[in-house]
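Following: one structure in structure tokens, then a few remarks.
The values are calculated or read from the model by the stated rules, or taken from the named source; none is laboratory data. Since the structure is predicted, the reported quantities are computational estimates derived from the model, not experimental observations. Quick reminder, even Gly has a Cβ in these numbers, built from the backbone with ideal geometry, and neighbours come from all protein chains shown.
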Amino acid sequence: MRKIQIINGPNLNLLGVREPGIYGKSSFESYLPGLRELFPDVEIDYYQSNVEGILRECLRRSYDGIVLNAGAYTHTSIALLDCIRSLRCPVVEVHISNVHQREEFRHHSMISSGCKGVICGFGLQGYELAIRGFLHHD
Ligand code: DQA
């Protein structure tokens, strides 16, 4: 496992500002350098978009694994599920918050069935756990 892409969906560009009681006080950009230091042998690319079609294009790029926080599209997007199913590389679904402790509409994920694993409720550390999952469960 050498090349991993992290993809964040809508409103995750607002981390640090958006509902800090739920999503924490740090931006993803400030979290990322420390994450890269934890995995010196892994190339970690990062992409964020608020646009569903762009996320689909982004998923198509060639990686050994993808860590995807699809934000609210998690709960709505059959198109993202179809795209994930069409990929050869594994995708791990991540949520910063524990979606199961929140509103009922967040309890269902459209994309989980296409993913290798799901991590939620561990804050930003969930991205680190997802990468460890790739490294230990090839
Ligand atoms: C989220 C949970 C989603 O329900 C929400 O729409 C998000 C963020 C999370 O990381 O906890 O945008 O994916």
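May I ask you to list the residues in the stretch 98-109 that are among the polar types (S, T, N, Q) and outside any helix (DSSP H, G or I)? Listed by number, the residues that qualify are Asn98, Ser109. Do we have any residue at all in the stretch 41-56 that's without any contact (Cβ under 8 Å) to a residue 24 or more places away in the chain and surrounded by 13 or more Cβ atoms within 10 Å (Cβ to Cβ)? Yes, the conditions are met somewhere in the stretch 41-56.
So is Cys58 over 22 Å from Asp138 (Cβ atoms), modelled with pLDDT of 95 or more and not β-branched (Val, Ile, Thr) or not? No.
Scanning the stretch 110-124 for residues that are near the ligand (Cβ under 10 Å from one of its atoms) and in a helix (DSSP H, G or I) turns up nothing.
Considering only residues that are away from the ligand (no atom under 12 Å from the Cβ) and in a helix (DSSP H, G or I), look in the stretch 16-25 and name the one that is surrounded by the fewest Cβ atoms within 10 Å (Cβ to Cβ). Here the answer is Gly21. Within the stretch 64-114, if we keep just the residues that are of a type in the set (D, E, K, R) and in contact with a helix residue (DSSP H, G or I) (Cβ under 9 Å, 6 or more places away or on another chain), the residue that is surrounded by the most Cβ atoms within 10 Å (Cβ to Cβ) turns out to be Glu93. Among the candidates Gly71, Gly65, Gly34, the residue that is within 22 Å of His136 (Cβ to Cβ) and in contact (Cβ under 8 Å) with a residue 60 or more places away in the chain is uniquely Gly65. Of all the criteria given as (1) farther than 15 Å from Phe134 by Cα; (2) out of contact with any Gly (no Cβ under 6 Å at 6 or more places or on another chain), the one not satisfied by Ile44 is (1). Exactly one of these conditions fails for Arg61: (1) farther than 18 Å from Phe134 by Cβ; (2) among the basic types (Lys, Arg); (3) surrounded by fewer than 15 Cβ atoms within 10 Å (Cβ to Cβ). Give me its number. Of everything listed in (1) farther than 18 Å from Phe134 by Cβ; (2) among the basic types (Lys, Arg); (3) surrounded by fewer than 15 Cβ atoms within 10 Å (Cβ to Cβ), Arg61 misses just condition (1).
Across the stretch 1-15, the number of residues qualifying as more than 13 Å from the ligand (Cβ to nearest atom) and of a type outside the set (A, V, I, L, M) comes to 3.
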